[in-house]
Amino acid sequence: MKKLRFAIIGCGRISYKHVEAIVNNREEAELVALCDIIKEKAEEKKNEYIKKIEKECSINVYTDYKEMLEKEDIDVITIATESGYHPEIAMYSMNKKKNVIVEKPMALSIEDADKMIECAKENDVKLCVSHQNRFNKPIQQLRKAVEEDRFGRLVNGTARILWNRNMGYYEQAPWRGTWKLDGGTLMNQCIHNIDLLQWMMGGEIDTVYAQCDTFLRDIEAEDFGAIVIRFKNGAIGIVEGSACVYPKNLEETLSIFGQNGAVCIGGLAVNKIETWRFKDGKDSEEAILNAQEGDPDTVYGFGHTPLFKDMIDSINNGTQPLVSGEEGKKGMSIILAAYKSRLTGMPVKFPMDKFSTMEMVNVEKIHK
């Protein structure tokens, strides 16, 4: 079976994880092209890839992704640009019959997410959204427990993302924190854990209610948000997301509570089991807590490599990736509902009408 030929569009902050994932799947994948509007950034990732695989290879660099798609033989496009550009680039690529891995969030509107999903179907290509934390070993273990109904009736779950993003972070890339290209801390920092929460709690949403505001950072969107989610199975989800924790990141945790079980996963990137208790006694908490790998180097975690492997397998086997477009839309939809709730002051009922971050442009800041 031939190696799949990958190209990366957008060579900024997260792109090194895409390079790493292709390198780690080198038996089945190779990097053939890179694109960034700043050519030097693409050249840097090219050299990074060559250094990691320890051999010279031909990798072309572009500043125009459309030109790259015309000239290169590519199987998979990975998109790591500013969030607001994801739909346009993804759909252009899929219309060229390319499979796509797109960083989170897949889009900033319900309408664009739906168009991306439909575009993948029309062109018979795969669309994968990079929610890499689903592949963390403790998260996979928790998901298995949910599927085996070890919790019994689910009662509640919490996602806490208590981080610090100072003004230097936003000034480094002025698109961050804008309604047009990013959204706030819920959409940028918290979406991974929100995705995990809905995945564990049943996915089907009844209502979303939120309180959000911009307290300390000079940005358009929120730097703190709280969400209450009522799932159709009756369980309640709670999200606490902050970019204002002094003076550095404090925690990212996912907790799931049910009639017969309680699990809390923390660590640097929701990668470490802190509590594991089940009435059925199938596994001892002590054994579970002792059988874990260490923290990753960054909050991006270990998940990009298995996510890329899952995408490779889905292409080769004709299956859907674990985080398909439909799956990637779910966490994003909760956040858009939270924004709508902030705007209206009311709970938002699902299924939700079309909504975009751009509808938040004129939202009044309560705190200056």
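No other residue among 157, 177 is assigned to a loop (DSSP other than H, G, I, E, B) and surrounded by 24 or more Cβ atoms within 10 Å (Cβ to Cβ) apart from 177. With respect to the conditions (1) surrounded by fewer than 20 Cβ atoms within 10 Å (Cβ to Cβ); (2) in contact (Cβ under 8 Å) with a residue 24 or more places away in the chain, residue 147 falls short on a single one, namely (2).
For residue 102, the conditions (1) surrounded by fewer than 21 Cβ atoms within 10 Å (Cβ to Cβ); (2) not in a helix (DSSP H, G or I) are fulfilled apart from (1). Figure legend. Inter-residue proximity from the stretch 273-287: first residues more than 13 Å from residue 258 (Cα to Cα), second residues assigned to a loop (DSSP other than H, G, I, E, B), beta-carbon distance below 7 Å, spacing 6+ or different chains. Indicated pairs: 273/292.
Taken together, 40, 27 contain a single residue that is out of contact with any helix residue (DSSP H, G or I) (no Cβ under 9 Å at 6 or more places or on another chain), of a type outside the set (A, V, I, L, M, F, W, C) and in a loop (DSSP other than H, G, I, E, B), which is 27.
Exactly one residue among 52, 17, 66, 46 is touching a residue at least 12 places away in the same chain (Cβ under 8 Å), more than 24 Å from residue 299 (Cα to Cα) and in a helix (DSSP H, G or I), and that residue is 66.
Remark: residue 218 falls outside the filter, which requires a residue to be assigned by TED's automatic domain parsing to the domain that holds residue 336 and buried (at least 21 other Cβ atoms within 10 Å of the Cβ).
Does the stretch 245-266 contain at least one residue that is out of contact with any Ser or Thr (no Cβ under 9 Å at 6 or more places or on another chain) and either closer than 22 Å to residue 345 by Cα or without any contact (Cβ under 8 Å) to a residue 40 or more places away in the chain (or both)? For the stretch 245-266, residues out of contact with any Ser or Thr (no Cβ under 9 Å at 6 or more places or on another chain) and either closer than 22 Å to residue 345 by Cα or without any contact (Cβ under 8 Å) to a residue 40 or more places away in the chain (or both): absent. Remark: residue 121 matches the filter, which requires a residue to be out of contact with any His (no Cβ under 7 Å at 6 or more places or on another chain), without any contact (Cβ under 8 Å) to a residue 24 or more places away in the chain and not assigned by TED's automatic domain parsing to the domain that holds residue 258.
Is it the case, given these coordinates, that residue 300 is in contact with a Lys or Arg (Cβ under 6 Å, 6 or more places away or on another chain) and either surrounded by 16 or more Cβ atoms within 10 Å (Cβ to Cβ) or in a strand (DSSP E or B) (or both)? When the stated conditions are applied, residue 300 passes them. Confirm whether residue 8 is touching a residue at least 12 places away in the same chain (Cβ under 8 Å), assigned by TED's automatic domain parsing to the domain that holds residue 96, buried (at least 18 other Cβ atoms within 10 Å of the Cβ) and aliphatic (A, V, I, L, M). Here the answer is yes, as residue 8 does meet what is asked. Of the residues making up the stretch 164-187, those that are within 17 Å of residue 338 (Cβ to Cβ) and not small (Gly, Ala, Ser) are 179, 182, 185, 186, 187. Checked against the criterion of being crowded, with 22+ Cβ neighbours inside 10 Å and either over 22 Å from the mean Cα position of the chain (by Cα) or not aromatic (Phe, Trp, Tyr) (or both), the candidates 183, 202 yield just one match: 183.
For the stretch 271-312, the set of residues classified as among the hydrophobic types (A, V, I, L, M, F, W, C) and modelled with pLDDT under 95 consists of 287, 288, 289, 291, 299, 302, listed by residue number. Looking only at residues of the stretch 160-171 that are of a type outside the set (Val, Ile, Thr) and closer than 17 Å to residue 300 by Cβ, we find that the one that is surrounded by the most Cβ atoms within 10 Å (Cβ to Cβ) is 165. For the stretch 76-88, the set of residues classified as assigned to a helix (DSSP H, G or I) and surrounded by 21 or more Cβ atoms within 10 Å (Cβ to Cβ) consists of 83, 84, 86, 87, listed by residue number.
The values are calculated or read from the model by the stated rules, or taken from the named source; none is laboratory data. Since the model is a prediction, treat every value here as computed from it, not as a measurement. Cβ atoms come from the backbone with ideal geometry, glycine included; neighbour counts cover every protein chain shown.
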